[in-house]
Amino acid sequence: GVILFSRNFQGKAQLKDCVSAIRSHRPEILVAVDHEGGRVQRFREGMTAIPPMNRIGRIYDQNPDRGLLVAESLGRVMLWELKRLGVDFSFAPVLDLEYGRSSVMHSRCLHHDPEIVAQLAAAICRGIRLAGSVAVGKHFPGHGYAEADSHIALPRDERGLEEINQCDLVSFTKMIGQGLEGVMPSHVLYPQIDDYPAGFSKVWLQRELRQRLRFKGVIFSDDLTMGGALVVGDLLQRARRALSAGCDMVLVCNNYYSAKNLVDGLKDDALNASSLERIEKFRQQAQRDPQMTVNEYERSLEDLNHWGVL
């Protein structure tokens, strides 16, 4: 697969050409992006400026029905526009809770109430699926309580499993029950549960996510070059640990040569048949045709403008 960033293109036309060129070599390849809204929106020129997710939560607090309509409409618009460019899916929505502790997660979180997060995320996912794409919930089992930024350091969450189950895992549990296609674990350490950060932890990915929550979809690692991943070893060690812990695919986002060397380093490793089956099912879902029309996309834009969201 390929994950794209704003540095990979100049302008909407070049982005579309870039994706076409990639597919000319591998037609079935998955093309992804981080496109959540707010400050995490890699494609901006010629695209709808999606507000940060906490804006949806504030709308919900004032008018729950309107908040749910806004969430679904934003899901439609985000993925309709990405699909028109040839991008298959976004790593969204964020399912983390807003505790007021993390500056890096604050505006990215839908709400502090896990039940409301689950409702709003479900609405976003309805829109995403109508646009012909899939959802990837992140950052399992929850990044909102940890203070440090996992891009530059290893955050720690000192809570026990029972408290995390009662709070942060509520939204993941509900979304998995509704057919969530993908999950991205956090680079956060939960020392009361395991000695490894969640994305490298068999306890979190196999015992909790696969066995207890019965998640059947694809597990994507977060970027293995982030600060929170460095404690596991060199890049090849990180990738092998993530894959053995339960990830189906690993992300290397910030160094082409590191990514190429990693592929070379892993080429003789055995492939996991179950992972391949999950990835193929995910690919088929992510590359299906939209269930909505251009008129419905335009109506969603009109509604969002009318409601003062955009």
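Please verify whether Phe9 is of a type in the set (Phe, Trp, Tyr) and under 15 Å from Ser90 (Cβ atoms), treating the condition exactly as stated. For Phe9, the condition - of a type in the set (Phe, Trp, Tyr) and under 15 Å from Ser90 (Cβ atoms) - is not met. Just one of the numbered conditions (1) more than 19 Å from the chain's Cα centre (by Cα); (2) modelled with pLDDT of 95 or more; (3) of a type outside the set (Phe, Trp, Tyr) is not true of Arg214: (1). Checked against the criterion of being buried (at least 24 other Cβ atoms within 10 Å of the Cβ) and acidic (Asp, Glu), segment 54-61 contains not a single residue that satisfies it. Residue-level check: of (1) part of a helix (DSSP H, G or I); (2) among the polar types (S, T, N, Q); (3) under 24 Å from the mean Cα position of the chain (by Cα), Gln291 misses just (1). Which one is nearest to Asp34 (Cα to Cα) among residues in segment 7-23 that are free of Cβ contacts under 8 Å to residues at least 60 places away in the same chain and surrounded by 15 or more Cβ atoms within 10 Å (Cβ to Cβ)? Across segment 7-23, the extreme among qualifying residues is Asn8. Phe200 meets each of the listed conditions (1) crowded, with 24+ Cβ neighbours inside 10 Å; (2) within 20 Å of Ala135 (Cα to Cα) apart from (2). What number of residues within segment 152-172 are part of a helix (DSSP H, G or I) and either surrounded by fewer than 19 Cβ atoms within 10 Å (Cβ to Cβ) or hydrophobic (A, V, I, L, M, F, W, C) (or both)? Within segment 152-172, residues that are part of a helix (DSSP H, G or I) and either surrounded by fewer than 19 Cβ atoms within 10 Å (Cβ to Cβ) or hydrophobic (A, V, I, L, M, F, W, C) (or both) number 9. Checked across segment 152-166, the condition of being within 16 Å of the chain's Cα centre (by Cα) and of a type outside the set (A, V, I, L, M) holds for no residue. State yes or no: is Cys253 within 26 Å of Arg210 (Cα to Cα), in a loop (DSSP other than H, G, I, E, B) and touching an Asp or Glu at 6+ places or on another chain (Cβ under 6 Å)? Yes; evaluated as a whole, the condition is true for this residue. In segment 184-232, which residue that is assigned to a strand (DSSP E or B) and touching a helix residue (DSSP H, G or I) at 6+ places or on another chain (Cβ under 7 Å) is nearest to Arg283 (Cα to Cα)? Going through the qualifying residues, I end up with Val218. For Arg76, the conditions (1) basic (Lys, Arg); (2) surrounded by 23 or more Cβ atoms within 10 Å (Cβ to Cβ); (3) in contact with a strand residue (DSSP E or B) (Cβ under 9 Å, 6 or more places away or on another chain) all hold with the exception of (3).
Scanning segment 85-99 for residues that are crowded, with 21+ Cβ neighbours inside 10 Å and either over 27 Å from Cys253 (Cβ atoms) or among the aromatic types (Phe, Trp, Tyr) (or both) gives Phe89, Phe91.
Annotation note: Cβ proximity below 7 Å between a residue of segment 100-118 that is within 17 Å of Phe172 (Cβ to Cβ) and surrounded by fewer than 23 Cβ atoms within 10 Å (Cβ to Cβ) and a residue that is of a type in the set (D, E, K, R) and modelled with pLDDT under 95 (sequence gap 6+ or interchain) occurs for no pair.
The values are calculated or read from the model by the stated rules, or taken from the named source; none is laboratory data. Only a predicted model underlies this, so the values are computations on that prediction, with no experimental measurement involved. All Cβ positions, even for glycine, are placed from backbone atoms using ideal geometry, and neighbour counts span all protein chains on display.
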